[in-house]
Amino acid sequence: MSQVSHLVGTTCPFLRILAKQLVTGGGTSLLARNAALLSEKCPHLLQHGDSPQDVLAQLSKQLNEDGHVGTNAIPSTSSSFPASSSSSFSFPASHNASPENARCAGGTSCAVPGCANSREHESPKLKAVSGITSSSVNQMASSSSPSRSITSERYEKSFASVVSSIQSEGRYRVFADLERKAGEFPKALFHQNSGESTPPIFNQSGNKNSAIDSSTSTREVTGWCSNDYLGMGQHSSVLAAMVRSIYSCGAGAGGTRNISGTNHHHILLERELASLHSVEAALSFTSGYVANEAVLATLPKIIPGLIIFSDAGNHSSMIEGMRLGRAPRYIYRHNDLSHLEELLEQHGGGMDTPKLIAFESVNSMEGTVAPLNKICDLADKYGAMTFIDEVHAVGLYGDTGGGVSERDNCSSRLTFITGTLAKAYGVQGGYVAGSAAMIDAIRSTAAGFIFSTALAPSLAAGATASVKHLKSSQVERAVMHARAYQLKLLLHSNGLPMLPSESHIVPVLVGNASKAKAATDHLSRKHGIYVQPINYPTVPRGTERLRLTPSPFHTKEMLYEIVAALIDVWKTLDLPFCTTMASDSVPPGAVYPYNGPKLPSLHMALAQDDVLISQLVSGLGVPKYRKQLKMSMENLSVSSDDRVAEVAKGGCL
Ligand code: PLP
């Protein structure tokens, strides 16, 4: 008979979970009840003629001897899935039902939270890239007597070959060594090592390698790509709240929320977030990424048979969550509601089939805004739930910062609202908000929530202060929108190929990874402007871009500076302009098909600046800003696809 410790440890998630339940007090009757299921779940364990009872007896014996079942615990809450209660074994229902999960019995993959195999979901991609397979790794490990250095050299080669293939495409990522300066946003200190093209290299004792890093000078740069959209990361009320909580509660949360990590600051934050979205409850996570991934991965287990309809532009955190959840998924073209409806008709399975439509309100790379109420209409028509990522909208849209759902008055029509505390709120963390029953279910089952140490109390306190501030203050978001509007006018009138964003995000198309990198190096070295190039896989190849995010702290002079710098970059790198240069006013119809009211001239828009801002500060300018924003949105009606196609052809619209 096989060794049970081996069986438990590596090949049969069913057995692992059963073992865990035995250890946590399931009793021997659990063994008897599950003997029949064993042959279905783990047929390979019975290959040598052992009966299920034999294997389970071995398991019981092994547990008595070892007193543990390995390192990957599963949530004790798994027994709370309603659909699984009829089965003697408490797998989540979808685990039993889905064909993909049925493969779990063969030991290849498993979607159960905490299952040992869940890490394998990523491995095929890595193996394919690196050229290392598990058998070659095993060979390396067991071959006669390879010295440690030869073995690690082989791995090192694999790491290096992945990087060199990324480099050859010109999309090697360099993280600038920046030091933000509190109180001087958007300025930062740029630490220059051997040049912008190489990452800092550290020697074995952790110090920067001085042979490579001979120059350690710093210079000041103006940041134009921060997601701290409103500079709240330096707001005095946020800093004060964080410092106070560090001195009152200490540094870390002290554990997962399940164990000892729930802190009063988490409760206060979650109340504030529920009230922000006018919903019953909210749950905080360690990041927006984790919130999206954890909720979407868990949903198909809570709602067996779920079918997901996902926008093509969705963020990787949503995609990874949906992949982990393994529900059937249909992808509709970005914000294309006729395509969504077509898919709902064809694959939705009727009103009674559980469905979810998943999308972002503001798309982070295109700057487009989803038509929320129309999506909710479709959800009502086809009996679907809705999942909205408001990561690039919370704090920025709506009268209290509740996002596009607040602006469009449809928070109550949405099932799941996720957001981040790291962008407009300037701190860190993520959340999901919605009904109390939904939050309770996620809290009880989502692995990304259960098994990760809670947010540090200081982060929760800082985020609470930021949310509270932006609930009542309009100034930051209003001035930020005014700046975005002005920047769009300036880029537009100078023929720089801006993608038609409807939001505060201003993408400027380059269309080539190496040139996007060269453009940002030039901006940094010659003009003291820091912008990160956006390359594949963040955006499709051929649509590489600079993504500008004006804040309320970017002055009128800074707007002029960046536009002049971009003109210089475009000329230096011989990138295509879209219109004749240096026009003073926006030429309606000359570039974009435009039928709306006449836009103000650039001089007018910028001369109004100080007046506008003082009006905004006193709250009087808000309706005016809305009107301006609406006009700018109407004006930018060319689709990104058209713009990309034109630039690819070497021309411009
Ligand atoms: N959703 C979208 C659309 C994002 O762009 C991002 C991050 O950039 C996230 C989620 C993740 O949020 P966080 O940065 O809080 O992890």
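Laboratory data are not the source of any read-out in this text; all were calculated from the coordinates shown. Predicted model only: the values in this text are computed from it and were never measured. FYI the Cβ positions are ideal-geometry reconstructions off the backbone, even for glycines, and counts take in every protein chain you see.
Some notes on this structure:
- What the Cβ-Cβ distance of Met351 and Asp177 gives, at R0 = 56 Å and to the nearest 0.05, is a FRET efficiency of 0.50.
- Shape analysis of segment 538-582 based on the Cα gyration tensor places the equivalent ellipsoid semi-axes at 21, 18, 8 Å, largest first.
- Length gained when the stretch Asn258-Thr453 is fully extended (0.36 nm per residue, less Cα-Cα span): 69.3 nm
- Column: log10 I(q)/I(0), Debye, Cα scatterers of segment 289-332, q = 0.14, 0.15, 0.17, 0.19 Å⁻¹: -0.26, -0.29, -0.38, -0.47
- Computed log₁₀ I(q)/I(0) - Debye formula, equal Cα scatterers, no solvent, segment 309-458, q 0.08, 0.12, 0.13 Å⁻¹: -0.22, -0.50, -0.60
- Considering only alpha-carbon pairs that sit under 8 angstrom and 6 or more positions apart, the relative contact order computed for segment 335-403 is 32 percent.
- Simple label model, 7 Å out from Cα along Cβ direction - Asp377 to Lys556, nm: 4.2 nm
- Legend: residue pairs Lys423/Lys515; Lys181/Lys517; Lys423/Lys526; Lys181/Lys556; Lys355/Lys381; Lys488/Lys571, Cα-Cα distance threshold 22 Å; pairs beyond threshold, Lys423/Lys515; Lys181/Lys517; Lys423/Lys526.
- For peptides 230-242, 488-500, sequence by mean Cβ density within 10 Å, most packed first: 488-500, 230-242
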